[in-house]
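Data first, discussion second: the structure below is written as structure tokens.
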Amino acid sequence: MRDFVPILKALSDENRFRMINLLLTHDFCVGALASHLGISKAAVSQHLQVLRKSGLVKGEKRGYWTHYSVERNVLHDIANNLIKAAQTFSDEAMCPREASSKDDILERREFDMCKDCCEHPEKLKGKPEECSAEQIKECHGDTKEHPCEKEKK
């Protein structure tokens, strides 16, 4: 699996993103990109260097000038991986604090997604492991095996 962080960082700059959009329509040289984007040739060259290093664009020498084009397969890989990541989200992965009912909380408690023993930290006066008996009852009901109790021992 390709490391997408450098690619996403490269796309995070507005000028580089605009450059990619232009290059998706046509191959351009540095001067043409500078003209279309309204920035200097030096700035375009620096942006192209970042895009080349990330693998998003490639240059092809045509006579005196180098024309740049987008590596579309890289964009497809990123898009497919982002789509896959978005589709793997499940309601079961939701934090217990965001559950809609007590049954949902009890069902999700076994997963302990947050590694936080208290579903209502706003009710605590200190750290979760310093819960008072009243706080435990208010937050969790009459649970015998409250996670904070284990940590106190």
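The values are calculated or read from the model by the stated rules, or taken from the named source; none is laboratory data. In this text, all values refer to a predicted model and were calculated from it rather than measured experimentally. Cβ: placed from backbone, ideal geometry, glycine included. Neighbour counts: every protein chain shown.
Looking only at the stretch 61-82, count every residue that is closer than 18 Å to Val50 by Cα and touching a Cys at 6+ places or on another chain (Cβ under 8 Å) and tell me the total. Step through it out loud before you land on a result.
At the first step, the residues of the stretch 61-82 found to be closer than 18 Å to Val50 by Cα are 66-75, 78.
From what's left, touching a Cys at 6+ places or on another chain (Cβ under 8 Å): 66-68.
Qualifying residue count, the stretch 61-82: 3.
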If you take the residues in the stretch 1-40 that are in contact (Cβ under 8 Å) with a residue 12 or more places away in the chain and not in a helix (DSSP H, G or I), which one is surrounded by the fewest Cβ atoms within 10 Å (Cβ to Cβ)? Met1
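Among the residues of the stretch 35-51, are any within 21 Å of the chain's Cα centre (by Cα) and either assigned by TED's automatic domain parsing to the domain that holds Leu75 or closer than 27 Å to Lys84 by Cα (or both)?
The answer is yes, given that some residue of the stretch 35-51 is within 21 Å of the chain's Cα centre (by Cα) and either assigned by TED's automatic domain parsing to the domain that holds Leu75 or closer than 27 Å to Lys84 by Cα (or both).
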